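Heads up: the structure comes next, in structure tokens.
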Amino acid sequence: MKKDVLAICALFLVIMAGTAIAAKDTVVIGLQGPITGAWAYEGQMAKQSCEIAADLINKKGGILGGKKVVLKVVDDAGEPKSGALAAQKLVTQKDVVAVISTYGSSVCEPASNIYEKFKKVNIGYGVTAVRLTQRNFKYFFRTCGRDDSQGKFFAEYVPKKFNAKRIAIMHDNTAFGKGLAEDTKAALAAMVKAGKVSIVYYDAITPGEKDFKVPLTTLRETKPDVWYFTGYYAEAALLVTQARDIGITCPFVGGNAAINDEFVKIAGLKVATGCYMTNEPLPGDLPYPMAKEFLAAYKAKFGNIPSSPWPIYAADALNVIAYAVDKSGTTDSTKLAAFLRDQVNGVPGITGPIGFTKDGDREGVPFYLYKVDDSGKIVVTK
Amino acid sequence: MQVILEQLINGLTIGSFYALIALGYTMVYGVLKLINFAHGDFFTFGSYLGYTVLVFGAAFLTAHFGLWGVLSVALLAAAISIAIVGVIVERLAYRPVYKAGRLPAVVSALGASIFIQNAIMVIWGPRFQAYPSELIPNAHLEIYGINISLLQVIILVMSFLLMGVLYFIVQKTTFGAAVRATAHDRKTAALMGININKVIFFVFTLGPALGAITGVMVGMYYRQISFTMGWNYGLKAFTASVLGGIGNIPGAMVGGLILGVLEMLGAAYISAAWKDVFVFIILILVLIFRPTGLLGEKTAEKV
């Protein structure tokens with residue numbers, strides 16, 4: 001018995017030593033995302049994007065004198081409680097330099113609280129709720145944009161385009177969905193006051209459910225000219241299918257989480273064609289040389305390019321972390337956070353020049369109006 | 001007026017899904033005093049099996065059986081397979097722990113639920129799957145000015161038929177009397193010469209089979225299925241069976257339909273965001289004044 005215990009301890013020490021030696025040649029970057037769960041589609045694209053980004057960096061010689069970038073992926077299943085657990089898992093690993101986390105503002109909130117407490121740099125890639133950067137956190141950044149810009153874009157663009165006087169806004173009560181709905185409402189407030197538009201429907205559906213016929217019938221009775229849904233693609237697909245089934249004919253505009261290839265697949269081509277979306281530029285529409293290089297590598301490995309912008313923001317988060325580690329010469333979290341905040345300005349990225357404001361927001365994210373065309377592709381529209 | 005009727009049909013459709021799944025919960029609880037947490041996952045498993053039959057067998061089956069034949073095959077295949085799964089789960093996860101008391105049984109049920117859910121995720125992948133559209137011709141019927149789809153009619157008819165058949169079996173046949181007796185008092189029923197194992201077998205084949213059929217119907221109706229959907233439906237169906245009186249089979253049917261209609265009322269006339277709050281407040285009020293549920297028997301407390 002005693003001999004067995006000694007043998008196991010010795011084996012354990014050897015393995016530890018082995019990994020410690022191996023770890024010296026690598027820089028480990030953590031990735032927290034919804035690999036399973038309701039947003040598995042987005043999570044898996046993000047994982048693949050980060051793998052490609054890491055590959056490209058390693059092919060060019062790595063960082064910090066030839067060290068390879070290694071990705072450590074932890075699944076948060078798209079749930080806030082699993083997000084907290086995933087964050088705990090990553091902060092307890094000493095070799096993880098920084099974390100890319102995550103998709104879904106409601107999942108990011110508890111996770112980023114933990115990262116802040118343990119002083120780990122964390123960069124969100126699919127988290128647009130405004131209040132995430134209003135907490136005076138030192139270690140939280142994001143490479144994606146914010147809901148208030150999207151709300152403003154909607155107010156400036158959509159009512160004019162569809163000649164809409166009656167607007168229905170539907171959200172899903174999540175941190176992101178409700179945030180975007182509130183920001184849109186605030187952006188429309190001036191027009192409402194001037195009597196140009198009215199918000200005839202403002203309510204939330206419950207995510208995770210399938211049957212929305214009842215709230216949709218209520219929406220139909222308010223006779224909107226355009227319908228804005230600020231939730232996620234799983235519910236969006238069901239909503240539009242059921243809406244068309246009960247006779248809602250007004251144009252459907254989704255927020256930037258509502259429409260991707262999965263939406264088109266679930267809703268079916270007939271229903272999805274003609275749906276609109278307010279969105280950051282899609283990967284295929286990015287004009288930068290880094291984008292072209294990245295997309296070519298992604299397509300070569302996985303067959304086609306990501307169908308939503310979030311995986312690209314994840315890749316850019318990885319790129320900016322690698323850049324910060326390389327240029328600052330350190331893996332110390334506090335120094336990295338200060339470097340990212342003060343000295344990252346106009347760093348070339350896949351989504352354009354990367355820079356962070358003093359609150360950790362990404363500077364300068366444009367918005368377009370997208371439309372699903374007859375072949376199911378999502379294209380920019382005027 | 002028409003809107004109210006349309007909303008009522010919507011409420012009844014959701015309600016009949018809840019009712020059919022609630023039947024599985026209530027039957028098992030009645031006979032074994034065990035809350036079968038894995039039942040929601042039987043429902044999901046049935047839905048995925050139906051999906052597999054429809055997607056991979058479509059060409060072969062349509063050639064031999066025609067459109068309605070394909071649907072029947074999918075429903076039967078799902079029902080029979082999940083009935084078998086139900087019996088297996090009962091033998092493996094529940095029978096060994098009957099003697100150990102109620103807590104180990106509950107833990108075993110939760111474990112079975114997690115196992116099945118993750119097995120589904122591993123087999124079919126974590127992404128959503130979509131049932132093929134155009135299974136039922138996209139016809140709409142106009143009755144008194146309200147617009148109902150053919151699919152909704154078929155689902156309502158099938159649900160009420162299944163509930164009627166089960167009601168008949170349980171209330172009007174001798175075997176049904178045996179089931180009710182076992183639900184009332186298992187030990188005495190055994191002393192009276194009722195074959196308890198047969199009753200348990202009946203409950204664990206019919207309950208999951210109904211769940212599986214509901215799964216296929218839900219797949220056809222909403223078209224999107226995911227491996228976690230059993231959680232949501234299971235929770236609502238369990239609530240429905242408690243509302244109607246757990247252990248009581250007509251209670252489960254009534255509870256499910258009432259839950260669906262209450263959800264509809266809450267969503268349509270209060271607010272879609274607050275509908276669950278409304279439903280659960282009603283549940284709490286019902287339980288305060290009738291702790292055994294709407295149709296539950298007032299069992300005298302033995303002091």
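No lab work stands behind these numbers, since they all come straight from the coordinates. Quick caveat: nothing in here was measured; it's all calculated off a predicted structure. Using ideal geometry, Cβ is built from the backbone for each residue, glycine included, and neighbour counts are taken over all protein chains shown.
Rounded to the nearest 5, what is the percent of antiparallel bridges among the DSSP beta bridges in the protein assembly as shown? Write down the numbers at each step before the final one.
Numbers: 17 of 51 bridges.
Counting only bridges with both partners in the protein assembly as shown, antiparallel ones make up about 35 percent.
For each of A:S101, B:S226, count neighbouring Cβ atoms within 10 Å of the residue's Cβ, then give the residues from fewest to most. Each step should come with its number before you reach the end.
Working: A:S101 32, B:S226 23.
Listed from fewest to most nearby Cβ atoms, that is B:S226, A:S101.
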Residues whose modelled amide H sits under 5 Å from the amide H of A:L31, counting only those 5 or more places away in sequence or on another chain, are A:K72, A:V73, A:V74, A:I100
Please list, in order along the range A:144-157, the HN-Hα scalar couplings obtained from phi with the Karplus expression 6.51 cos²θ - 1.76 cosθ + 1.60 (θ = phi - 60°), rounded to whole Hz, x for Gly and Pro. 9, x, 10, 5, 5, 5, 5, x, 5, 4, 4, 5, 6, 9
Over the alpha-carbon set of chain A, work out the extent along each principal axis and list the three values in angstrom, largest first. 76, 51, 41
How well do other chains shield peptide B:218-225, expressed as the mean number of their Cβ atoms within 10 Å of each residue Cβ? 4
Around B:N248, with a cut-off of 11 angstrom between Cβ atoms, what is the net charge of the other residues, counting Lys and Arg +1 and Asp and Glu -1? 0
Structure shown: which of A:K59/A:K371; A:K213/A:K292; A:K178/A:K301; A:K165/B:K275 lie over 31 Å apart, alpha-carbon to alpha-carbon? A:K59/A:K371; A:K213/A:K292; A:K178/A:K301
Under a plain spin-label model, where a point goes 7 Å from the Cα along Cα-to-Cβ, how far apart in nm are A:K81 and A:T26? 3.2 nm
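Once you have the alpha carbon radius of gyration of the range A:148-279, what is it after dividing by 2.2 N^0.38 Å, with N set to its residue count?
Relative to the 2.2 N^0.38 Å estimate, the range A:148-279 comes out at 0.95.
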Using only atoms on other chains, find how many Cβ atoms lie within 10 Å of each Cβ of peptide A:225-237 and report the average. 1
Projecting the Cα atoms of A:F367, A:G177, A:G30 onto the charge dipole of chain A, where Lys and Arg contribute +1 and Asp and Glu -1 at Cβ, the residue farthest towards the positive end is A:G30
When A:R341, A:R142 are ordered from fewest to most other Cβ atoms inside 10 Å of their Cβ, what list results? A:R341, A:R142
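Compute the Cα gyration tensor for the protein assembly as shown, then decide on rounded, prolate or oblate, letting a ≥ b ≥ c be the square roots of its eigenvalues: rounded whenever a/c is under 1.5, prolate when a/b is larger than b/c in the other cases, and oblate in all that remain.
Working: a/c = 2.05, a/b = 1.38, b/c = 1.49.
Oblate.
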Dimensions in Å of the range B:38-83 - Rg and Dmax from alpha carbons: 10.9, 36
Projected label distance in nm at B:H64 and B:L235, using a 7 Å step from Cα toward the beta-carbon: 4.2 nm
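Test of understanding: given chain B, find the longest segment containing no trypsin sites (Lys or Arg not before Pro) that are in a DSSP loop and have at most 16 other Cβ atoms within 10 Å. Provide the component values of the computation, followed by the final result.
Numbers: sites that count: B:K33, B:K298, B:K302.
Answer from the scan: B:34-297.
Please work out the Kirkwood hydrodynamic radius for chain B, using every pair of different C-alpha atoms, and report it in angstroms with one decimal place. Walk me through the numbers on the way to the answer.
Numbers: mean 1/r = 0.0502 Å⁻¹.
Evaluated on chain B, it is 19.9 Å.
I'd like the FRET efficiency for B:N138 and B:V107, computed as 1/(1 + (r/R0)^6) with the beta carbon distance as r and R0 of 45 Å, rounded to 0.05.
On the way: r = 46 Å, r/R0 = 1.03.
So the FRET efficiency works out to roughly 0.45.
Work through the residues other than A:K152 whose Cβ is under 11 Å from its Cβ and net out their charges, Lys, Arg +1 and Asp, Glu -1.
-3
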List the residues, sorted by chain then number, that are 5 or more residues from A:I354 or on another chain and whose placed amide H is less than 5 Å from its amide H. A:G346, A:V347, A:G349
By a straight-distance test (C-alpha under 20 Å), which aspartates and glutamates pair with A:K358 as possible cross-link partners, with residues fewer than eight away in the same chain excluded? A:E109, A:E116, A:D147, A:D148, A:D316, A:D332, A:D342
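Charges at C-beta only: +1 for Lys and Arg, -1 for Asp and Glu. How large is the resulting dipole of the protein assembly as shown about its Cα centre, in Debye rounded to 20?
Working: 64 positive and 48 negative charges, 231 e Å.
Taking the Cα centre of the protein assembly as shown as origin, the dipole is about 1120 debye.
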